[in-house]
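Just below is one structure, and these are the notes that go with it.
All of the numbers you see were taken from the coordinates with simple rules; none came from a lab. Computed from a predicted structure; not experimentally measured. Note: ideal-geometry Cβ built from the backbone for every residue, glycine included; neighbour counts use all protein chains shown.
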Amino acid sequence: MRLSESKIKTKKRIEIEEESKGLAYLLRANFIEKLTSGVYNYLPFGLRVIRKIEKIVREEMERIGGQEILMAALHPKSLWEQTNRWEAFDALFKVQSRYGQWYGLGPTHEEVVTPLAKNFIFSYRDLPLYLYQIQTKFRDEPRPKGGLMRTKEFLMKDLYSFHTDEKDLDWYYEKVKKAYLKVYKRCGLKPIITEASGGTFSKFSHEFQVLTEKGEDTIFLCANCGFSRNKEIMEGKKCPVCGKKIESYSAAEVGNIFKLKDKYSRSLDLKYIDQNGEEKYVLMGCYGIGISRLLSVISEVLSDSKGLVFPEEIAPYHYIILPLYTGRRDTDKKITKFSEEIYQLLKDHQKEVVFDDRKNVSIGEKFNDVDLMGIFYRLVISEKTLSKKRIEVKKRNSPNLKYLSKNELINLKK
């Protein structure tokens, strides 16, 4: 991609309601654009990061047996009435068609996936079953805040598992925990597994919390044994595991997992025939990752004073070429020629590369844009590097410079 062909330019400054550097960088870099309170558009560079996060999530879900589906976002009122949530779920967007039917815009999909599973589950031989999707969700949040952390419309991965018994549910629940940690590690995060209320389902559920001052949750964490619990259910000031003092921290949730057990299978009549020919309710689990929220937390936690800092796997592009011109015509022609060679070489090797070929933009502005956008490797081609047929290489999260040949660049390891 050539930046001269992109009409979407970065901004020097923006005004935002909340002091969040991650949100400010996403807006300044034009990764996202605010449409209205709690609703955002995703622009080309931001969408590239989102798609890369989705790819990681898909790979890890499929490693644990997940099969991807895509469920309807428009839910019939009757299904939500069967689970008694049409009135009880405060954040449910409700819409009426011109013909009088009422629908809910899906904030979650238990009411849809459970009847769907009835098409495939009849006996114990059909279990376990693992279905997941990545889809836009809707919640009528009264006070959207934190940029993408709490919005009315958001992108989410939700996985639903179906089991014959609690032993199998427990086993898969722990398997999902490990898969989630792999997702977050690949995205550059180290979340804390935190006990939270299990609601009407079970004693505890688990959240994946990332420490940040901009987080809207408070968790209690034991420095001695690592135990963590959400403030909403924490009692006392000592760790319930080791008895040491426990401290409170601000954190942002990037995922949660629940053992639903038979709550929805009873409401929506999802049963199977066991090995003895007896009819039983299917047990369920649900597991969510907020994809757009994850982008927001990564941008907040991993950014620095200059802009966004992404791990290589989710950076919008891996390389950006910056020709450093001298103002001397013959020299600048050679710099352009060598820059074009490097650009084509990287494309030929299926590398994700941007060529900053913009005219009338100072090199200082170009350097600032690279740091703001979080592109992983900056490649500078100048009179100095040209004389040695080398490329100046700088990693976004490192102050060190390397001078590499074409072959060394192609074989560059992070």
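Dipole size of the chain about its Cα centre, with +1 on Lys/Arg Cβ and -1 on Asp/Glu Cβ: approximately 1960 debye, rounded to the nearest 20. With the convex hull drawn over the C-alpha atoms of the chain, the volume per residue is 178 Å³.
Which one of PRO115, PHE138, ALA29 has its Cα pushed farthest toward the positive end of the charge dipole of region 3-302, where Lys and Arg give +1 and Asp and Glu give -1 at the Cβ? Highest projection toward the positive end goes to ALA29.
Qualifying trypsin sites (Lys or Arg not before Pro) in region 153-248, where qualification requires a DSSP coil assignment and no more than 10 other C-beta atoms within 10 Å, comprise LYS203, LYS237. The aspartates and glutamates within cross-link reach of LYS337, meaning a Cα-to-Cα straight distance under 13 Å and a gap of 8 or more places when in the same chain, are ASP357, GLU383.
Restricting attention to region 18-165, lysine pairs at least eight places apart or on different chains and with alpha-carbon atoms under 18 angstrom apart total 14. For region 220-236 and region 113-129, compute the distance between their C-alpha centroids and round to whole Å. The two parts, judged by their Cα centres, are 37 Å apart. When Rg and Dmax are taken over the Cα atoms of region 317-410, they come to 12.3, 34 Å. Applying a 4.7 Å Cβ-Cβ cutoff to the chain, the cysteines left without a disulfide-compatible partner are CYS187, CYS286. Here the residues MET149, MET1, ranked from fewest to most Cβ neighbours within 10 Å of their Cβ, fall in the order MET1, MET149. Each residue of region 1-90 gets 198 Å³ once the volume of the Cα convex hull is shared out per residue. Helix-only arithmetic for the chain: the sum of -39500 (n - 2.57) across DSSP H runs with n ≥ 4, divided by the residue total, places the mean residue ellipticity at 222 nm at -9000 deg cm²/dmol. Listing LEU129, LEU70 from fewest to most neighbouring C-beta atoms within 10 Å gives LEU70, LEU129. Put in line by how crowded their Cβ is, counting other Cβ atoms within 10 Å and starting with the fewest, HIS349, HIS75 read HIS349, HIS75.
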